[in-house]
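Single-structure report; data block below.
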Amino acid sequence: MLKLNLRLPDDLYAKAKALAAADDRSLNSWLVSLVRRAVEESERRSAPGA
């Protein structure tokens, strides 16, 4: 697993942290799920016949 440092503006960090908490997840887990969903959606759109 790769470790990544991500700089977020303070206001975006606070909002993302609150959304992650509301979803009962860590911020890291919540961000991973968002990135995974975006990648899967992109792959679906670019798949042949899509």
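The numbers here are math on the coordinates, done by the rules we state, and not lab data. Since this is a predicted model, take the numbers as computed values, not measurements. Cβ sites come from the backbone with ideal geometry, for glycine too, and all protein chains shown count toward neighbours.
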DSSP-loop trypsin sites (Lys or Arg not before Pro) across the chain, with at most 15 other Cβ within 10 angstrom: Lys3, Arg7, Arg25
The chain: angle of helix 10-22 to the longest principal axis, Cα-based, in degrees nearest 10: 80 degrees
C-alpha long axis of helix 27-46 to longest principal axis of the chain, angle in °: 20 degrees
Cα centroid separation - region 31-50 against region 1-24, whole Å: 20 Å
